[in-house]
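Have a look at the structure below before the remarks.
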Amino acid sequence: MAKTLDGKAVAKELREDLAKTLQTASVKPTLAVVFDPADDGSRLYVGMKQRAAAKVGIQTRDIAVAEDASTSDLAAVVAELNEDPAVHGILIQAPLPKNVDDAQVFAMVAPEKDVDGLGVTNQGRLFANEAGNYPVAATPKGVMTLLNHYNIDPRGKRAVVVGRSQLFGRPMAALLLNADATVTIAHRYTSKESLTALLLAADIVVVGVGIPNFIQADQIKAGAVVIDVGMNLVDGKACGDVAPAVAEKAAWLTPVPGGVGPMTIAILLESTLEAALEQEKAVE
Ligand SMILES: NC(=O)C1=CN([C@@H]2O[C@H](COP(=O)(O)OP(=O)(O)OC[C@H]3O[C@@H](n4cnc5c(N)ncnc54)[C@H](OP(=O)(O)O)[C@@H]3O)[C@@H](O)[C@H]2O)C=CC1
Ligand SMILES: Nc1nc(=O)c2c([nH]1)NC[C@@H]1CN(c3ccc(C(=O)N[C@@H](CCC(=O)O)C(=O)O)cc3)C=[N+]21
């Protein structure tokens, strides 16, 4: 039976450390959250992010986007937030309304306020494995933090990332590559046969496609580490992309809920604090 990678517990520790740091910090960070209130998921996740922020001492500012907003409407919103010295971090919660190109909006965020690391500058730094501190997408960074917590070192391991979005798959693959894993990315055009062959050879599998039970037990090598990033609502209950029976094959598995989700939120808060501290240093 797989052991649990307890994201909920690790995230709680992280948030407690942050709260402690913030008690004596010289700055009170503010995170602006740009989101589509008509999207059920966004309302739910943004609410969770705001509550977690308030608990550690990070202020949030909501910017609800109108249903008929365009990319250029968003450009004006983001430009204003970029200029506002009271805002330290800007989160563009995906997906935005249908007429908006999410990637274009990610790219408009000033790199020093891009706490989710989704803009081209910060993604470029990640892909170049640039040294130093810069924000990295919270979900993949949360996965790396969780692996590190359990002393699972990707170096020399065969890792398969399923999904290639800007939010998850691409930065996940870059982080694993930077950590010296041998990385393969699978996506919609990877045949089922190829995917199964890749998965059966993988030591570390990280899946985020948004399809319940997408990964089955007979596709997983005995003893593999399996990270379930998927977040699906089935009959009102959260479930991931990995079938429950995978727990009988894997050595380690993240639960849903209580795995990657809470890590994503904790890392976002950590990146917001880091951005605020950097910006304060810059004006001194
Ligand atoms: N727990 C958390 O903190 C987070 C959870 N999530 C969850 O992770 C999942 C993915 O999110 P996100 O990346 O934003 O979603 P996207 O819809 O942007 O991307 C989905 C990815 O899955 C790939 N895909 C779709 N169908 C298949 C298939 N049949 N075989 C292989 N690959 C496939 C797509 O491939 P292609 O590029 O070819 O279209 C795409 O790269 C969702 O369930 C989301 O809710 C996301 C972010 C954070
Ligand atoms: N710019 C941007 N950054 C994101 O990080 C981002 C985004 N856009 N768009 C949508 C996805 C989704 N996402 C989640 C975060 C936490 C949970 C989470 O904490 N989930 C709980 C369960 C929630 C429930 O019970 O329904 C858990 O896994 O334990 C889920 C999903 C962040 N995303």
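Just so it is clear, none of the values below were taken in a lab; they were calculated from the coordinates. Computed from a predicted model, the values in this text were never measured in an experiment. Cβ sites come from the backbone with ideal geometry, for glycine too, and all protein chains shown count toward neighbours.
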Residues other than GLY119 with Cβ under 12 Å of its Cβ, Lys/Arg counted +1 and Asp/Glu -1, net out at -2
In a Gaussian network model of the chain with springs linking alpha carbons closer than 10 Å, the residue among ARG51, ARG188, ARG158 that fluctuates most is ARG188
Taking N as the number of residues in the range 25-111, the ratio of its alpha carbon radius of gyration to 2.2 N^0.38 Å works out to 1.07
Of the convex hull drawn through the C-alpha atoms of the chain, the volume per residue in Å³ is 125
One finds the C-alpha centres of the range 64-94 and the range 177-232 to be spaced, in Å, by 34
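Kindly put TYR45, TYR189 in sequence by how many other C-beta atoms sit within 10 Å of each C-beta, fewest to most. It would help to have the intermediate numbers written out before the result.
Numbers: TYR45 19, TYR189 7.
In order of increasing Cβ crowding within 10 Å: TYR189, TYR45.
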Using eta = 0.692 mPa s and T = 37 °C, Stokes-Einstein with Kirkwood Rh from Cα pairs puts D for the range 138-261, in µm² s⁻¹, at 233
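If you take every residue apart from LYS8 with its C-beta less than 14 Å away from the C-beta of LYS8, what net charge results, scoring Lys and Arg +1 and Asp and Glu -1?
Values: positive: LYS12, ARG15; negative: ASP6, GLU13, GLU16, ASP228.
Net charge in that neighbourhood comes out at -2.
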In the chain the DSSP beta bridges are antiparallel at a rate, in percent to nearest 5, of 10
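About the Cα centre of the chain, what is the dipole size in debye to 20, counting +1 per Lys and Arg Cβ and -1 per Asp and Glu Cβ, all else neutral?
Details: 26 positive and 34 negative charges, 188 e Å.
Rounded to the nearest 20 debye, it is 900 debye.
Would you order HIS187, HIS149, HIS88 from fewest to most other beta-carbon atoms within 10 Å of each residue's own beta-carbon? Could you put the intermediate results ahead of the total?
Details: HIS187 13, HIS149 16, HIS88 26.
Final ranking by Cβ density, sparse to dense: HIS187, HIS149, HIS88.
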Spelling it out for ALA186: with amide H atoms placed in the peptide plane at 1.01 Å from N, the residues 5 or more places away or on another chain with amide H under 5 Å from its amide H are VAL161, VAL162, GLY163
What helix-only [θ] at 222 nm does the chain give? Using -39500 (n - 2.57) per DSSP H run of at least 4, over all residues, to the nearest 500, the answer is -13000 deg cm²/dmol
Once normalised by the length of the range 38-123, the mean sequence separation of its alpha carbon contacts under 8 Å that are 6 or more apart gives a contact order in percent of 27
Env charge @ MET263, Cβ radius under 9 Å, K,R +1 / D,E -1, value +2
Relative contact order in percent for the chain (Cα pairs under 8 Å, 6+ apart) equals 22
